[in-house]
Amino acid sequence: MSDLPEYDVTVVGGGPAGLTAALYTTRLGHDTKVINRGGGRAAMMVDTHNVIGVTEDVSGNEFLSTAIEQIQSYGADYERGKVEAVERVEGENGEEGLFHLTAGDTEVLAKQVIFATGFSDVRPDPPLPRTGRGLHWCLHCDAYMFVDEPVFVMGTGEASAHVAMIMLNFTPEVDILTRGQEIEWSEETDQQVRAHPIDIVTEEVSGIERGDDGWLEAMTFEDDTRREYRGGFPMYGSDYNNELAASLGCDTNDDGTVAVDDHGRTSVDGVYAVGDLIDGHNQIPVAMGEGAKAGIAIHYDIRTFPMSREEIEAAGGEISTEDVPAMAEELRTQAREHAGKAGEAGTSEAAGDD
C-alpha cells in the first residue's frame, strides 16, 4: 500500500462546496485530489441564481466546469469516479494512519478527507415537468422567478404546507398537490394552511402541458380538470449520501446529515464534511463558504510552520532555509507559473545567478 499516491487532502465530491475546499487547500500549499462521481444538484441547474458575480445565463455544468479548471490551474488533481470505500489504515507504529480511498481502479492515500457528497432529492412519480422548466428544488433560489405566477407545491407533509404558505409572499396563486395521498401534516398546520388562500388539490396528476420553450404551462388531473402553473416545488424529503462518512464512524444527525463543528470537522479526526451533506441552507454561496472554512481549518491543522518549541527541538533546535518553504515542489512550480508568474520567477532566478 505504501506505493499508492499520497495526498495531504482528498475531497470526495465535486460540487461547489467540495471544489471550493479543494481550491483553498491547494492554494494554501497542500497536495489535493478531488474524486467526483458527477451529477448532483448544482449540475442540474439550468440557470444559476443567487451567486453574486455569476450571471443567470450560466448553467450549473458551466459553473462547475469553470471551477474545475480553476482548481487544476492551481495544481489540484481532479478525477471523475465514484469512491466506493474509505478506511483508515494503521500507521507504522500502530497508531492511526492515513485514509485509504478506493474508486474503481483508483486507489489513493490521504492525510485528511473531505466529504462533499451532498444528498439526493426524493422525486415524485411522473408525470412531471422538466427540471428547471417548471420543476424546481430550491425555494430560496427560485421563488423570485414566480412572482405573480401560478405555482404548485407537491407533497403531504409539514414541509409542503409551509412552503406553500411561504410562496404567498411572492404570488397569490398557490396550490398544494397531494396527488391522491393522505395528508400527513399536523392538525394545527392543517388549520393554518386552510386559513390561507391556498387550494388543496387531492386528485392525481394525469398529464403535463408545456410551451414551445419547454416551460410548464398547465397540469391536468384524473377528474378531467386543468390548472395552469408556471412552476412549483416537490417536497418529499432528501436522502443524504452519508454512507462513506458513516463507515468511518462519523456522527450523524437524526435527519441523516453529518454532524460537524463550525469549520466542517466531524467527530472523526482528519475527516471533514461540507455542503448539502451537513445541516444548513442548501445554497451555493453557503456551500462555498463551508468549503472555504474547511479548507482553512485543514491548513491550520496540518501546516508545517510555525513549529512548536517541542517540534523545533526535535528538528535539532533550528530550522534551516533548506527546510522552507513547506510546499511540494510541483505546487511551487505551478504557483510560479500561474497567472504569468513564470516570467517574474525567471527574472528573480536570473538576478540570483548574477
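The values are calculated or read from the model by the stated rules, or taken from the named source; none is laboratory data. Because the structure is predicted, anything quoted here is derived from the model rather than measured. Because the Cβ atoms are built from the backbone with ideal geometry, glycine has one as well, and the counts that use them run over all protein chains shown.
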Legend entry - All positions within the range 256-303 that are part of a helix (DSSP H, G or I), closer than 18 Å to residue 25 by Cα, touching a strand residue (DSSP E or B) at 6+ places or on another chain (Cβ under 8 Å) and not small (Gly, Ala, Ser): 298, 301, 302
Inset, instruction - Provide a single number: the residues in the range 80-138 that are under 30 Å from residue 205 (Cα atoms), under 24 Å from the mean Cα position of the chain (by Cα) and in a loop (DSSP other than H, G, I, E, B). - result: 11
Inset, instruction - Output the number of residues of the range 100-152 satisfying the condition of being without any contact (Cβ under 8 Å) to a residue 40 or more places away in the chain and under 17 Å from residue 87 (Cα atoms). - result: 3
Inset, instruction - Please list, ordered by first then second residue, the pairs with beta carbon atoms under 8 Å, 6 or more apart or interchain, first in the range 216-239 and in contact (Cβ under 8 Å) with a residue 40 or more places away in the chain, second of a type in the set (S, T, N, Q) and not in a strand (DSSP E or B). - result: 235/160
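Out of 158, 149, which single residue is outside the structural domain of residue 244 (by TED's automatic domain parsing) and touching a helix residue (DSSP H, G or I) at 6+ places or on another chain (Cβ under 7 Å)?
158
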Legend entry - Enumeration of residues in the range 76-117 that are at positive phi and modelled with pLDDT under 95: 94
Legend entry - Selection within the range 144-164 - surrounded by fewer than 16 Cβ atoms within 10 Å (Cβ to Cβ) and either assigned to a helix (DSSP H, G or I) or at pLDDT below 95 (or both): 144, 145, 158
